[in-house]
Structures are given as structure tokens and as C-alpha cells.
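Undergrad: Structure provided below as C-alpha cells; questions to follow.
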Amino acid sequence: NYKRVFPDWNMTNSLLVVEKVISSGASRVPVPIDKEAAKEDQLLVWLSLSRKYGDDVQLLDKQSAWPENSRKVCDMLLFFYQQVAALPDERSANLVRYLTTSE
């Protein structure tokens, strides 16, 4: 129940982003990823994370430390998702494609 967890979350925009990502793959026609734009947007999101959480963002690279820092990690992952969802639709879809298909 998203409304209970995130009462002020604009679900319409979030669902539009998810819909674009899913529908872009549903046609089986590959949608090109603008890697440079995705890298720029990823950097913007990480900078926002760093400004808000400081050195704690390093926890995201240490999955073994997640259990004892679960609340902070969940907060950071949620903030990360919110920052991606706040991008214009095409850019957020491009970034999600990049993040889910890159090594």
C-alpha cells in the first residue's frame, strides 16, 4: 500500500515512469539507451544522495553492512528512487534502462 507508506507520493508520475520502462521492452524492439545522458543523470542523483546523507552513501556499496543499517539503507534507496522518478519521464526511463542493463 504505497499511500500508507508514502502519503505525499505522486503515484501518477511514478506509475508513468514504470509504464514507460515496461512498455519500451514489451515491443521487443530495443530502445536505445543514451548512456552519456544516463551517466549525467546518475551523477545528479548521486550528488543529491551525497548532499543529504554524506558519507553514509558508501553503505550502498557494502551490501554485507545492509542488515545492521537497514533503516538508513532503505531511506537512501527510497530517496534514490524518488530522485530518479523526479526526472522528466524520458530521462528517468533512460536512466532506469541504463541502470538495469549496465554491468
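Undergrad: If you go through the stretch 87-103 one residue at a time, how many are aliphatic (A, V, I, L, M) and either in contact with a Lys or Arg (Cβ under 8 Å, 6 or more places away or on another chain) or surrounded by fewer than 16 Cβ atoms within 10 Å (Cβ to Cβ) (or both)? Quick ask: steps written out before the conclusion?
TA: The first filter runs over the stretch 87-103 and keeps only residues aliphatic (A, V, I, L, M), leaving 87, 93, 95-96, 99.
Checking the rest, the ones that are also either in contact with a Lys or Arg (Cβ under 8 Å, 6 or more places away or on another chain) or surrounded by fewer than 16 Cβ atoms within 10 Å (Cβ to Cβ) (or both) come to 93, 99.
Looking only at that region, the number is 2.
Undergrad: Something else now. Checking Glu36 against (1) modelled with pLDDT of 80 or more; (2) touching an Asp or Glu at 6+ places or on another chain (Cβ under 8 Å); (3) closer than 24 Å to Asn94 by Cα: exactly one of these is not met. Which one?
TA: That leaves (2) as the condition not met.
The values are calculated or read from the model by the stated rules, or taken from the named source; none is laboratory data. Since we're looking at a predicted model, the values are computed, not measured. Ideal geometry is used to build each Cβ from the backbone, glycine not excepted, and the neighbour counts take in all protein chains shown.
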